[in-house]
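**Q** Once you've had a glance at the structure underneath, I'll fire off some questions.
Nothing in this text is a laboratory measurement; each read-out follows from the coordinates by a stated rule. Nothing here was measured: the structure is a model prediction, and the numbers come from that model. So basically every Cβ, Gly included, is an ideal-geometry build from the backbone, and we count neighbours across all protein chains shown.
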Amino acid sequence: MAHYLHRFDATPVAERWPLVRRWMSQEPLAFFDELRRRRPVLATPEVTLAVRFADCRDILLRHDIFSVALYKPKQGDYWMAQDDTAVHWREKSIMQAVHDREDIPKIRTYVANKAAALIAAAPGEMDIVSGLTRAVPLALVQDWFGFADSDPAELKRWSYWNQMDAFWNQPFDAIAVRDPHKIVAEREAANEAMRAYLIGLTQRRAGELQAGRGGADPVSRLLILSSSKALKFDPSRVVLNVGGLLIGAVETTSHAAVNALAMLMERPDDLAGARAAAAQDDPAAVDGFVFEALRFNPPFPYFFRVCEQDTALSRGGEHETGIAKGTTVLAVAGSAMFDTEAFPDPDRFDPTRGLGNSFHFGLGLHECLGRAIGEVMIAEIVRQGLRLNGLACGPVDNRGGPVPESWQWRWN
């Protein structure tokens with residue numbers, strides 16, 4: 001029986017998006033199930049939702065039609081705010097090259113040791129958001145990415161406000177954001193301070209390289225490439241891309257780790273399986289539990305794009321829907337990962353599914369640059385948390401915002 005759509009159609013047009021957003025937050029699985037069956041492309045004045053796997057995949061792969069234009073006001077001329085441009089391809093390729101995938105096992109070992117040490121140093125209780133899920137990626141940025149002399153509190157501030165403004169302070173978020181101008185101001189202030197630090201950092205690294213020292217961290221590698229003059233990659237682009245290393249590493253990791261843990265806590269049988277896997281000597285034994293939990297509780301339940309030319313979604317079927325140029329479209333990954341066309345028996349928690357059709361790290365041109373690092377960092381943080389005995393915890397506290405801000409844990 002149609003429940004959500006009946007209420008949606010009976011609601012005044014101006015009130016429909018707030019209603020939809022509330023369902024997306026509070027009753028996502030049931031709401032998306034009805035949409036996939038009855039109206040897989042749902043239009044409101046603010047945004048149009050696409051909830052089936054095929055449409056979400058089409059949106060994320062067709063960057064010529066569905067652009068990241070909404071990134072531009074937040075990220076300026078950073079390559080992530082561009083689609084099919086020379087700057088995008090060049091700088092993304094450079095950043096992929098300076099992250100040696102051969103280092104991924106070492107990164108997982110580093111994360112395991114750091115998380116275990118933070119837990120061991122705690123007196124049987126911790127706010128795991130500040131003490132673990134943010135603290136570990138901050139430490140990785142310092143020790144692995146070359147920010148060794150930085151202040152973790154400042155790194156957190158710079159990452160936090162950039163993420164908040166770029167991903168949670170878009171025009172269609174206005175109904176949920178108390179003070180969007182404050183978020184913009186915080187991001188601008190954070191970037192001013194971050195830019196000053198990064199200029200100093202790159203200058204220090206350049207001096208070390210001239211003296212014949214260093215060279216192993218990503219900052220040094222970028223400077224070596226820039227000084228070679230082999231590509232269009234001057235020091236200002238080094239600074240911009242080094243900042244991206246920080247911004248992309250902290251909040252997304254923390255959000256995903258908390259969401260995975262919170263979902264497992266709600267499912268006692270699956271939690272028991274995950275805890276048994278986490279206790280094994282093979283670190284990867286737990287990974288399937290982590291990413292299946294994120295399928296049920298993704299940190300980014302949708303990806304937003306702007307339609308650049310008149311087109312259609314669900315093309316060729318009974319639900320074909322025209323999309324006008326200028327429309328903001330949400331590719332609702334949180335629904336697509338329950339579409340039976342791509343996920344057999346989707347309501348079953350299955351840690352053996354793998355990541356083949358998932359949207360955990362995006363898809364297409366704007367797939368997460370740090371996917372390989374993120375996979376092991378998220379899974380290992382969760383693994384270390386699952387190894388605690390006698391764990392008791394309250395609810396995750398978002399403090400009225402879109403991301404986990406605090407979560408109190410106690411253990412034996």
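**Q** Given labels modelled 7 Å from the Cα in the Cβ direction, how far is it in nm from D143 to V13?
**A** Each label point is offset 7 Å from its Cα along the Cβ direction, giving 5.7 nm.
**Q** Tell me what the chain gives for mean residue ellipticity at 222 nm when only DSSP H runs of n ≥ 4 count, each as -39,500 (n - 2.57), the sum divided by the residue total, rounded to 500 deg cm²/dmol.
**A** -16000 deg cm²/dmol
**Q** Can you compute the FRET efficiency between E188 and A153 using 1/(1 + (r/R0)^6), with r the Cβ-Cβ distance and R0 = 22 Å? Round to the nearest 0.05.
**A** It comes out at approximately 0.75.
**Q** If you stretched the chain out fully between S93 and E27, how much longer would it get, using 0.36 nm times the residue separation minus the C-alpha to C-alpha distance?
**A** This chain segment gains 19.8 nm when fully extended.
**Q** What whole-number distance in Å separates the alpha-carbon centres of region 203-243 and region 260-290?
**A** 40 Å
**Q** Among 321-333, 209-221, 283-295, what's the highest-first ranking by average C-beta atoms within 10 angstrom per residue?
**A** Listed from highest to lowest mean packing, they are 283-295, 321-333, 209-221.
**Q** Further question: Under Stokes-Einstein, with the Kirkwood radius over Cα pairs standing in for Rh, what whole-number D in µm²/s applies to the chain at 37 °C and 0.692 mPa s?
**A** For these conditions, the coefficient is 146 µm²/s.
**Q** Also, I was wondering about something else. Filter the trypsin sites (Lys or Arg not before Pro) in region 33-126 to those in DSSP coil with at most 16 other Cβ atoms within 10 Å of their Cβ, and list the result.
**A** R62
**Q** Follow-up question, since we're still on this one. Taking θ = phi - 60°, what integer Hz values does the Karplus form 6.51 cos²θ - 1.76 cosθ + 1.60 yield along region 175-191, in sequence order, with x for Gly and Pro?
**A** Karplus values, whole Hz, x for Gly and Pro: 6, 10, 9, 5, 9, x, 5, 5, 5, 4, 5, 5, 5, 5, 5, 4, 5.
**Q** What length, rounded to one decimal in nm, is gained on full extension from R410 through to D127, with 0.36 nm per residue of separation minus their alpha-carbon distance?
**A** This chain segment gains 101.0 nm when fully extended.
**Q** Quick check for me: using +1 on Lys/Arg Cβ and -1 on Asp/Glu Cβ, what's the dipole size of region 40-410 about its Cα centre, in debye to the nearest 20?
**A** Approximately 880 debye in magnitude.
**Q** Now for a different question. How big is the Cα convex hull of region 264-412 in projection, averaged over all directions, in nm²?
**A** Result: 11.3 nm².
**Q** Here is a follow-up. Between A190, N357, Q384, whose Cα lies farthest towards the positive end of the dipole of region 40-410 when Lys and Arg beta carbons carry +1 and Asp and Glu beta carbons carry -1, centred on the Cα centre?
**A** The residue sitting most towards the positive pole is A190.
**Q** Quick one: Karplus J couplings for region 378-389, per residue in order, coefficients 6.51, -1.76, 1.60, θ = phi - 60°, nearest Hz, x for Gly and Pro?
**A** Each residue of region 378-389 in turn: 4, 5, 6, 4, 4, 4, 5, x, 5, 7, 6, 9 Hz.
**Q** What nm value, rounded to one decimal, do you get for the distance between R387 and R267 when each label is placed 7 Å out toward the C-beta?
**A** With each label point 7 Å from Cα toward Cβ, the separation is 2.3 nm.
**Q** Then there is this: Work from the charge dipole of the chain (Cβ charges, +1 for Lys and Arg, -1 for Asp and Glu, about the Cα centre) and give the residue of L223, I247, H63 farthest towards its positive end.
**A** L223
**Q** Which ³J(HN,Hα) values in Hz, rounded to whole numbers, follow from the phi angles of region 288-301 under the Karplus curve 6.51 cos²θ - 1.76 cosθ + 1.60, where θ = phi - 60° and Gly and Pro get x?
**A** Values per residue, Gly and Pro as x: x, 5, 5, 7, 6, 4, 6, 5, 6, 9, x, x, 10, x Hz.
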